Amino acid sequence: MRKRFLFPLFFILLCSYLFLFPRPMSKEFIYQPVWSRDLHIASIQPIEGPVIDFRLGNFFGYVHEEGEISVLDRVTYDVVMDEERYINYSSVSDHHVFLDTTGQILMSVETRGYPILSSGRYFTLRGDMVSLSERDDEGELLWSRDFQSIITGLAVNKEFIALGFLDGDFLVLNSRGEIISDFQPAGSRIRVVYGVALSDDSRNAAIISGIGPQKLSILEQRNGTFIPIFNLELEDEFRRPVYLGFSDDGAFVGYETSGGIKYLDFSTGSLHAVEFPGDLLSVNFPGKGSLTMVVSRHNEWGTLQIFEPGGEYAINQDFLGSLIDLKRRGKTLYLGIDNRIERIDMVER
Amino acid sequence: MKRGKSGFLLFLLFFSYSGSIIAIDWPVEEQVLVGTFGEHRGDHFLGGIEIDGKEQPVHPIEEGEIIFWMEEKRLPFAPPSGLGSFVVIQHNRALRSVYAHLAGGSLDTDSTEVTMRDVIGILGDTGDTCGRRLELQIIDGTFNQVVNPLLLLPPQVDRRAPNIFGLYILQGSNLTDLEEVKVLSPGEGVLLADIRDLGGSGSYREPLAPYRINVFANGEEVSYLTCEALMLKDGKRVLIQSEDLSFHKYYYNQWTIRLGSLNLTSGDLTLEIISTDFAGNERVKVLNLKVEG
């Protein structure tokens with residue numbers, strides 16, 4: 001009962017902090033709370049228009065820019081969402097039912113496995129995790145293939161899909177499902193891939209692999225295939241999937257460490273660290289000259305960090321809340337904490 | 001009786017592991033086998049065995065090193081896991097074991113080196129599974145294969161042979177039940193069999209797939225199928241030692257297996273089908289047919 005009152009209180013305190021104590025940066029912003037919605041009492045207005053997807057624990061939905069909740073539903077087993085459609089699926093499923101952002105059924109696709117929606121593309125990862133297929137917007141099968149080993153990492157852009165495997169192999173497939181690049185990171189005692197990434201412009205791919213040592217490998221696309229151009233021995237040795245991602249502009253690659261994340265600046269070769277305790281939840285990483293946002297969770301506390309790569313923190317704030325979601329649209333943030341969603345505008349001073 | 005190529009993979013495995021004493025054991029105390037290697041799983045072969053049972057600790061089949069774990073839905077950057085919460089252990093001799101569908105939150109994520117006494121998780125129902133069961137897979141890195149775990153685990157008591165519930169010939173789109181029709185038309189036909197293994201004494205829960213099937217036509221072996229190992233071929237997982245059959249070429253439907261093609265020529269035809277489970281229990285069915293046309 002006490003928690004119920006504590007969460008809104010911390011939310012208000014966070015917003016007050018953002019509003020009253022903005023930090024100076026190369027560009028100064030004021031963080032201006034616009035609206036706040038309590039999902040327990042929010043009314044559902046399934047209207048069309050641009051929406052922001054959110055997921056808070058066992059609840060998910062879409063919210064409009066002005067705060068109308070378009071869809072609010074309970075997760076069956078898991079849910080995949082993009083800005084136009086979602087699939088709320090069960091753990092054993094032979095159909096994927098697509099619904100739009102007003103909750104209307106778009107189509108039902110007969111397929112077994114778990115769906116993946118990414119970069120406007122739709123994949124199915126089979127239950128045994130050794131087979132992947134892609135379907136078009138109508139649900140028609142484009143390609144399907146089995147692999148030798150269990151898929152342990154996956155990254156998608158509009159052109160390619162990169163896959164990392166339990167046997168240490170790394171493959172890049174084109175939009176026809178053909179293997180255009182096959183790379184086995186070498187030099188580690190144990191061969192496993194723990195994370196893969198693809199830059200939006202398809203210029204680079206990255207892999208975290210191996211134990212003894214664990215390594216970050218950067219690959220570059222040349223003559224239609226990806227070849228390694230850089231290797232970095234890592235201090236950590238994760239034995240689970242890890243965060244690895246390029247900034248939207250491809251200027252940086254960020255990776256998870258035991259105490260936060262590090263990101264490598266390709267132009268200078270410099271490595272920067274962002275520290276936080278606990279689990280990494282989300283990273284919004286536009287690139288050079290833009291603010292990066294990192295959300296993490298430690299026990300019942302969340303941490304929001306906003307900073308310019310290589311520069312100072314604009315915000316480094318803890319708040320009470322175990323279910324957290326952060327979305328960014330231009331200079332607007334949509335921050336979900338437990339049962340509330342808040343819109344915060346970054347207003348340039 | 002001619003038995004073809006049986007034991008080929010077993011020989012390879014023995015040869016591979018002969019450098020050290022193998023002390024592999026079952027990962028749980030109560031073992032009720034509810035899924036066998038190569039079984040029909042909707043659109044793919046089961047790549048391991050499934051063990052039903054109560055909520056119980058899961059141990060490594062042999063000492064080793066935890067090299068990978070994934071907690072169902074816990075990691076936002078991980079692929080969706082049909083294997084639920086699972087652990088992978090690296091053993092000697094390039095052998096890896098996978099323990100899938102473990103109970104949520106039960107994984108030991110701190111240990112790296114583990115012995116057979118350690119608990120790596122609790123038998124659960126996470127991921128794409130129809131109930132509480134442990135899926136155990138064994139990967140042989142030397143031959144790039146997923147091997148039937150029963151080839152390595154201590155044998156279970158099982159005195160019941162698989163049942164052959166039906167035998168059919170598919171000619172074009174015509175399906176002929178060989179229990180009812182004894183006279184066939186000449187030409188190419190595909191022999192189909194509905195075979196279900198009702199398991200060992202006291203451990204029956206769900207029908208299992210047979211381990212090996214031999215087919216003899218007029219005394220000559222025409223088909224040999226066995227669920228020993230899976231490997232990748234031309235972008236599909238295939239059963240090795242079974243004419244490299246992919247899932248859709250092996251299974252006609254959930255319980256009906258394609259036993260191979262027959263060239264039916266006029267005259268008498270004696271078909272002998274031997275279905276064997278992993279414990280070696282055999283069921284033999286002999287059909288005396290005529291081909292006329």
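Structure above, values below:
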| read-out | value |
| --- | --- |
| When residues of the stretch B:106-132 are limited to those that are more than 14 Å from chain A (Cβ to nearest Cβ) and outside any strand (DSSP E or B), the one nearest to B:Arg74 (Cα to Cα) | B:Ser106 |
| The listed residue being without any contact (Cβ under 8 Å) to a residue 40 or more places away in the chain, aliphatic (A, V, I, L, M) and closer than 30 Å to B:Ser85 by Cα, out of A:Val242, A:Val294 | A:Val294 |
| Residue in the stretch B:197-209 that is closer than 30 Å to B:Asn144 by Cβ, away from chain A (no Cβ under 14 Å), in a strand (DSSP E or B) and touching a residue at least 12 places away in the same chain (Cβ under 8 Å) present | yes |
| Residues satisfying the stated conditions in the stretch A:263-294, i.e. away from chain B (no Cβ under 12 Å) and either under 12 Å from the mean Cα position of the chain (by Cα) or at pLDDT 95 or above (or both) | A:Asn284, A:Phe285, A:Met293, A:Val294 |
| Hits in the stretch A:190-220 (condition: without any contact (Cβ under 8 Å) to a residue 24 or more places away in the chain and away from every other protein chain (no Cβ under 14 Å)) | A:Glu220 |
| Filter result for the condition that a residue is surrounded by 20 or more Cβ atoms within 10 Å (Cβ to Cβ), closer than 19 Å to B:Gly48 by Cα and not β-branched (Val, Ile, Thr), over B:Ser242, B:Ser246 | B:Ser242 |
| Among residues of the stretch B:243-292, those that are farther than 30 Å from A:Phe147 by Cα, touching a strand residue (DSSP E or B) at 6+ places or on another chain (Cβ under 8 Å) and not in a strand (DSSP E or B), counted | 3 |
| Every pair of residues 6+ apart whose Cβ atoms lie under 7 Å, when the first sits in the stretch B:267-279 and is on the phi > 0 side of the Ramachandran plot and among the aromatic types (Phe, Trp, Tyr) while the second is surrounded by 17 or more Cβ atoms within 10 Å (Cβ to Cβ) and at pLDDT 95 or above | none |
| Of residues in the stretch B:69-86 being under 17 Å from A:Ser209 (Cα atoms) and in contact (Cβ under 8 Å) with a residue 12 or more places away in the chain, the one surrounded by the most Cβ atoms within 10 Å (Cβ to Cβ) | B:Met70 |
| Residues within the stretch A:129-162 that are basic (Lys, Arg) and in a strand (DSSP E or B), tallied | 2 |
| Residue tally, condition within 15 Å of A:Tyr243 (Cβ to Cβ) and in a strand (DSSP E or B), over the stretch A:273-302 | 15 |
| Within the stretch A:90-128, tally of residues that are of a type in the set (Ser, Thr, Tyr) and either under 22 Å from A:Asn157 (Cβ atoms) or outside any loop (DSSP other than H, G, I, E, B) (or both) | 6 |
| Total residues in the stretch A:163-183, condition part of a strand (DSSP E or B) and within 13 Å of another protein chain (Cβ to nearest Cβ) | 7 |
| Residue within the stretch B:90-102 that is crowded, with 24+ Cβ neighbours inside 10 Å, outside any strand (DSSP E or B) and either on the phi < 0 side of the Ramachandran plot or touching a strand residue (DSSP E or B) at 6+ places or on another chain (Cβ under 6 Å) (or both) present | no |
| Positions within the stretch A:267-285 being more than 18 Å from B:Leu75 (Cα to Cα) and in contact with a strand residue (DSSP E or B) (Cβ under 7 Å, 6 or more places away or on another chain), in sequence order | A:Leu271, A:His272, A:Ala273, A:Val274, A:Glu275, A:Phe285 |
| Meets criteria (crowded, with 19+ Cβ neighbours inside 10 Å and either on the phi < 0 side of the Ramachandran plot or not charged (D, E, K, R) (or both)) for A:Ser175 | no |
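Residues are listed down the side, and each one gets a yes or a no for (1) in a strand (DSSP E or B); (2) in contact (Cβ under 8 Å) with a residue 24 or more places away in the chain; (3) within 21 Å of the chain's Cα centre (by Cα):
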{"residue": "A:Trp35", "(1), (2), (3)": "yes, yes, no"}
{"residue": "A:Ile41", "(1), (2), (3)": "no, no, no"}
{"residue": "A:Arg55", "(1), (2), (3)": "yes, yes, yes"}
{"residue": "A:Phe60", "(1), (2), (3)": "yes, yes, yes"}
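The values are calculated or read from the model by the stated rules, or taken from the named source; none is laboratory data. Please read all numbers here as calculations on a predicted model, not as lab measurements. Note that we place each Cβ from the backbone using ideal geometry, even for glycine, and neighbour counts take in every protein chain shown.
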